[in-house]
Amino acid sequence: MRPFLVTEPQAGKLPRWGLVLLCALYVLPGFLGRDPWRHADAAGFGVALTMARGAAEDWLIPNIAGEAAPGIGPLPFWVGAAATRALPFLDEHTAVIGTAMAGLVLLFFAFWYASYALARRPGVLPSDPLGASASRIDFGRAIADSSLLVLLATIGVIARVHETTADAAQLVICGVFVFGAARALERPGSGALLAGAAIGASVMTRGLLPASALLLTALALPLVSRPYRLVAPRWLGIVLPTALLIGILWPATLWWSGEAGRAHLAAWLAWQRKLIDSPSTADFAYLLRTLPWYFWPAWPVALWALLRWRRRLPEPAIALPLTMIVSLTLASAAGANSPGNQLLLPASLPLAMLAAIGLPTLRRSVVSLLDWFAVMTYSLIGFVVWAYWIAFVTGLPPRMAFRASRIAPGFEPEWIAVDVALGLLASAAWLALVRWRVSRHPPMIWRAMVLSSGGLVLAWFLLMTLWLPAFNARNTYREVAQAAAHALPASYDCVATRSLGSAQRATLSYFARIRFGQTGEECGWLIVQDTGPLARTAPGPLPGWVLHWEGSRLRDRDERLRLYRRAG
């Protein structure tokens with residue numbers, strides 16, 4: 001590659017208070033002040049809630065109020081349920097999202113230190129015949145700061161990591177694997193132990209597909225990188241047995257626990273086999289539509305890094321993220337039935353690492369292009385968020401107000417002084433950041449990503465403050481669950497279900513504490529979930545049952561819950 005030089009000013013440290021504040025503004029909004037939201041978020045919370053309220057069997061067999069969840073493992077929900085049990089003074093949802101926030105903080109720490117450990121290695125440092133370059137520690141710290149900024153700026157990550165799901169937990173586990181793999185070059189024992197534990201934990205979180213991608217990465221590293229070959233005996237000698245021991249722990253316990261455990265193990269294995277298939281045209285079309293925006297702005301800079309560092313690919317700072325990307329790609333192609341969904345999120349980590357390595361070699365014109373794209377895009381988004389929110393609250397102009405009201409039909413917005421003040425402060429901070437970046441022309445390596453990460457955090461912060469009440473009203477089942485509970489008599493035995501989704505089941509259990517019937521149990525009540533055209537029409541007769549109550553979320557015409565009591 002062409003030689004380049006990183007001077008002391010270019011390796012300048014990003015102020016710790018600024019980085020901590022940016023991470024806090026990334027983590028807190030989206031978790032605080034909301035109910036469990038429909039779909040995956042509520043379903044994931046429902047598994048942890050069932051464990052916290054249930055018996056030992058519920059901790060072993062992930063389920064949502066008695067309905068098995070064979071597609072996920074129990075590990076992240078153990079953590080949430082344990083927090084709920086250990087902190088009884090907290091609301092159950094607050095305790096679970098507290099563990100999700102802690103996991104996100106752990107991810108940031110692990111990812112920063114992994115990038116730092118790789119970037120300060122001698123093979124990564126620029127050539128310096130005159131002795132004018134930055135020190136090894138300063139260069140590594142600047143690259144680590146840049147890696148974290150790229151991750152914070154990646155568009156597809158921010159919403160997914162604010163859910164109480166196995167996918168979000170899997171990203172944290174991948175961060176631990178990357179940290180272990182980076183640490184193994186200097187401390188093979190502890191590094192390999194962490195990496196092997198991450199592989200085994202993946203089996204108990206998102207299943208065999210992500211675990212196989214991490215295992216393939218661990219096996220391939222000694223083949224493609226000489227520094228990993230030097231530590232290969234201890235690396236592989238610890239990674240493989242650790243991964244096997246931890247990965248087999250939960251399935252083996254299921255097998256020996258009895259008939260119910262073996263049945264769940266068979267269902268879990270069938271679910272894993274179901275994910276494996278040859279890719280189709282629709283899968284490729286999905287990825288082509290998704291990847292350009294999902295991994296922006298990491299992917300173009302990562303491609304540039306591969307081009308510039310193509311003669312140093314065996315260096316661990318390149319070999320580790322590149323090998324991980326290839327492994328995830330192969331596993332994603334094998335898991336075509338889920339078109340790569342569960343592997344898109346982990347791929348953001350190696351892409352951010354590669355992009356950070358490429359930042360010191362970017363031309364000034366490219367840096368300016370990234371900056372102006374971020375300024376124009378996120379300033380426009382911020383303006384649109386404010387404009388539609390003002391129209392939503394005031395009703396003016398009418399056309400904008402009508403479009404805004406469709407986000408949460410029937411919801412009556414109101415001015416909330418704290419949210420407005422926080423939104424104004426965030427907007428002012430964004431303008432100050434833009435002014436600093438444009439007027440000062442800072443030379444630091446991380447300058448190319450500070451506006452992209454700051455702009456995305458601004459957009460997310462505004463959405464999760466100004467619009468949070470509307471989003472919460474749109475996605476929560478609080479009111480409909482409480483209405484269903486009020487419709488039930490105090491002495492009901494149990495409630496059977498028909499076509500009830502996982503998210504609905506979880507939120508009915510949380511908000512209404514409805515007791516659902518178990519397998520083979522005959523109940524005097526029945527909840528039916530109708531969707532689409534069935535929800536918009538009067539229900540037909542249900543033999544043996546009498547309609548007692550029906551309800552839906554605010555003006556949601558495509559989903560309706562109906563409660564029946566047994567005739568006679």
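The values are calculated or read from the model by the stated rules, or taken from the named source; none is laboratory data. This structure is a prediction, so every number in the text was calculated from the model and none was measured. Using ideal geometry, Cβ is built from the backbone for each residue, glycine included, and neighbour counts are taken over all protein chains shown.
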Options 439, 453; residue that is of a type in the set (S, T, N, Q) and touching a helix residue (DSSP H, G or I) at 6+ places or on another chain (Cβ under 8 Å): 453
Segment 80-98: number of residues that are surrounded by fewer than 22 Cβ atoms within 10 Å (Cβ to Cβ) and either among the hydroxyl-bearing types (Ser, Thr, Tyr) or assigned to a loop (DSSP other than H, G, I, E, B) (or both): 6
Which residues, counting only those in segment 144-191, are touching a Lys or Arg at 6+ places or on another chain (Cβ under 9 Å) and closer than 27 Å to residue 64 by Cβ? 166, 167, 168, 169, 170, 171, 173
Need at least 2 residues that are under 23 Å from residue 155 (Cα atoms) and at pLDDT below 95 per element, so show me which helices (runs of 4 or more DSSP H) inside segment 425-511 make the cut, counting only ones lying wholly within it. 447-463, 468-475
Does residue 489 meet the test of being more than 29 Å from the chain's Cα centre (by Cα) and in the same structural domain as residue 386 (by TED's automatic domain parsing)? no
Does segment 347-369 contain at least one residue that is out of contact with any Asp or Glu (no Cβ under 8 Å at 6 or more places or on another chain), touching a residue at least 60 places away in the same chain (Cβ under 8 Å) and not in a helix (DSSP H, G or I)? yes
When you check residue 358 against the structure, is it over 26 Å from residue 124 (Cα atoms), crowded, with 20+ Cβ neighbours inside 10 Å and either under 26 Å from the mean Cα position of the chain (by Cα) or in the same structural domain as residue 327 (by TED's automatic domain parsing) (or both), yes or no? no
Given the conditions (1) modelled with pLDDT of 95 or more; (2) among the charged types (D, E, K, R); (3) buried (at least 20 other Cβ atoms within 10 Å of the Cβ), which single one is not true for residue 187? (3)
Selection status of residue 541, surrounded by fewer than 18 Cβ atoms within 10 Å (Cβ to Cβ), in a loop (DSSP other than H, G, I, E, B) and without any contact (Cβ under 8 Å) to a residue 60 or more places away in the chain: yes
Lone unmet requirement of (1) within 25 Å of residue 181 (Cα to Cα); (2) in contact with a Pro (Cβ under 7 Å, 6 or more places away or on another chain); (3) at pLDDT below 95; (4) not hydroxyl-bearing (Ser, Thr, Tyr) for residue 229: (3)
